[in-house]
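A quick write-up on the structure given underneath.
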Amino acid sequence: MTERRIAGARLRLELGDITRSEADAIVNAANEALVGGGGVDGAIHRAGGPAIMEACRRIGGCPTGSAVITEGGALHARYVIHAVAPRYSGRAQDAMLLHQAYSSALRLADEHALRTVAFPSLGTGAYGYPIGEASQIALQSVARHLRTRTRLERVTFVLFSEGDLSVYREALASLANR
Ligand code: AR6
């Protein structure tokens, strides 16, 4: 576990399975149709049960770079925040859309007065975002949010492999103080 304090809150990195997180909300790497899929999305729906998919169906969809919130079903987390990263294309807009996916999720967490939220590495699985660049965008987006007026006390990235964790550790170490 690695941690850094940012404006009184904690930004933490850990290795594990996000479905077991005890945060108030876990973030899902969803698709625009909110229909479920593989990766972390599949794992969250399997662990959380059908109520989450029913809520997604009622919402109907979520454009790339935005996020929606549902109940957490059978998960320990009270909520799931479904955020949609871009499919990596190599174009300049990818970075902006990935940043927006993180900031939309964080805004929803604040709107629901949540204190703790856990993220996976959005976009770096099926959607192909190179993890070196994605990890910097992810941590910068969270750090920027924590420096605003926020109720969040802890944001945790739950990384799924030692390799991913070490990339995020490097990005955290090089995160500027302001
Ligand atoms: N806990 C934490 N991280 C996980 C877990 C888990 N249980 N399982 C996988 N990861 P991906 P994307 C990591 O593909 O790239 C889905 O089909 C994984 O190793 O889940 O945003 C959706 O329905 C990787 O580092 O999300 C969409 O269609 C990271 O989570 C599409 O994939 C993200 O990989 C979204 O693709």
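For I6, the residues whose amide H sits under 5 Å from its own are L11, ignoring neighbours fewer than 5 places away on the same chain, with H placed 1.01 Å from N.
Positive contributions from Lys and Arg (+1) and negative ones from Asp and Glu (-1), summed over other residues with Cβ under 9 Å from the Cβ of H76, come out at +1. Among residues other than A51 with Cβ under 14 Å from its Cβ, the summed charge is +2 (Lys and Arg +1, Asp and Glu -1).
The stretch between Q140 and I59 holds 26.3 nm of extra length on full extension. This uses 0.36 nm per residue minus the Cα-Cα distance.
Report the FRET efficiency, 1/(1 + (r/R0)^6), for E111 and S174, where r is their Cβ-Cβ distance and R0 is 35 Å, rounded to 0.05.
On the way: r = 31 Å, r/R0 = 0.88.
Calculated transfer efficiency: 0.70.
Applied to the stretch 128-145, the Karplus parametrisation 6.51 cos²θ - 1.76 cosθ + 1.60 on θ = phi - 60° returns per-residue 3J(HN,Hα) values of x, 6, x, 5, x, 5, 5, 5, 5, 5, 4, 6, 5, 5, 5, 4, 4, 5 Hz, with x for Gly and Pro.
Size of the dipole of the chain about the Cα centre, Lys and Arg at +1 and Asp and Glu at -1 on the beta carbon, nothing else charged, in debye to 20? Please report the intermediate quantities before stating the final value.
Working: 20 positive and 17 negative charges, 116 e Å.
Magnitude of the dipole: close to 560 debye.
Taking the DSSP bridge list for the chain and keeping only pairs wholly inside it, about 35 percent are antiparallel. Phi angles across the stretch 161-167 convert, under the Karplus curve 6.51 cos²θ - 1.76 cosθ + 1.60 with θ = phi - 60°, into 3J(HN,Hα) values of 8, 4, x, 4, 4, 6, 5 Hz, Gly and Pro given as x. When Rg and Dmax are taken over the Cα atoms of the stretch 115-166, they come to 11.8, 33 Å. Shape class for the stretch 2-176, computed from the alpha carbon gyration tensor (a ≥ b ≥ c): rounded, with a/c under 1.5.
How much length, in nm to one decimal, is gained on full extension between R154 and T2, taken as 0.36 nm per residue of separation minus their Cα-Cα distance?
Numbers: separation 152, 0.36 × 152 = 54.72 nm, distance 1.25 nm.
Taking 0.36 nm per residue and subtracting the Cα distance, the gain is 53.5 nm.
Provide the net charge surrounding S135, with neighbours chosen by a C-beta distance below 13 Å and charges set as Lys +1, Arg +1, Asp -1, Glu -1. Neighbour charge sum, excluding S135 itself: -2. Students often get this wrong: which residues of the stretch 6-44 have the backbone nitrogen under 20 Å from the point 7 angstrom along Cα-to-C-beta of R91? Of the residues in the stretch 6-44, 31-33 have backbone N under 20 Å from the label point off R91.
Here, each number is a calculation from the coordinates, and none is a lab measurement. Please read all numbers here as calculations on a predicted model, not as lab measurements. As a convention, Cβ positions derive from the backbone with ideal geometry for all residues, glycine included, and neighbour counts pool all protein chains shown.
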